[in-house]
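To start, the structure under review is shown below, and the notes come after it.
The values are calculated or read from the model by the stated rules, or taken from the named source; none is laboratory data. The structure displayed is predicted, hence computed values, not measured ones. Note that we place each Cβ from the backbone using ideal geometry, even for glycine, and neighbour counts take in every protein chain shown. These accessible areas exclude ligands, DNA and RNA; they are computed on the full protein's heavy atoms, side chains included. Shrake-Rupley method; radii C 1.70, N 1.55, O 1.52, S 1.80 Å.
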Amino acid sequence: MIGEVGKKTLQLLRPLAGKPNLLEIIRTLPDYGVGSQMKRTSWNCPDSYWTITKVRPKQDGRSGSVWGVRTWAGKSNEIPERIGGALKKEWTPINEVSFVSVPARKVVETPNESSKIVDQ
């Protein structure tokens, strides 16, 4: 069952053709979805989802890279990793309690240096 957050997100995405990918969903959420819990619709394992920890979108907002903590069958990995399949059109928010206390991180691009991750 999709909660209130999921319903509002899906209403915002209706103009998009077909089903949205992960980045198209999280760009409609506060803080680009950092802290939200997302699940692939093809997963049949209960209590399996990603908790978004970092997003690096491209200019178009429909592609880019997403990192998160994977929870599979109720067991959390605790170490953020890059989410594979973010461009697949089979993602959905878990429910209205999808925002959890996760420290937000911001990617800062600086000239003549590599990207830095800064805790907020």
In this structure, does Thr28 turn out to be surrounded by 15 or more Cβ atoms within 10 Å (Cβ to Cβ) and part of a loop (DSSP other than H, G, I, E, B)? yes
Lone unmet requirement of (1) at pLDDT below 85; (2) surrounded by fewer than 12 Cβ atoms within 10 Å (Cβ to Cβ) for Ala104: (2)
Looking only at the stretch 5-25, count how many residues are farther than 18 Å from Arg62 by Cβ and either surrounded by 18 or more Cβ atoms within 10 Å (Cβ to Cβ) or at pLDDT 80 or above (or both). 2
Reported set for the stretch 54-87 where residues are open to solvent by less than 20 Å² (accessible area, probe 1.4 Å), outside any strand (DSSP E or B) and small (Gly, Ala, Ser) is Gly61, Ala86
Working only within the stretch 31-48, note down all residues that are open to solvent by 30 Å² or more (accessible area, probe 1.4 Å) and closer than 16 Å to Gly61 by Cβ. Asp31, Tyr32
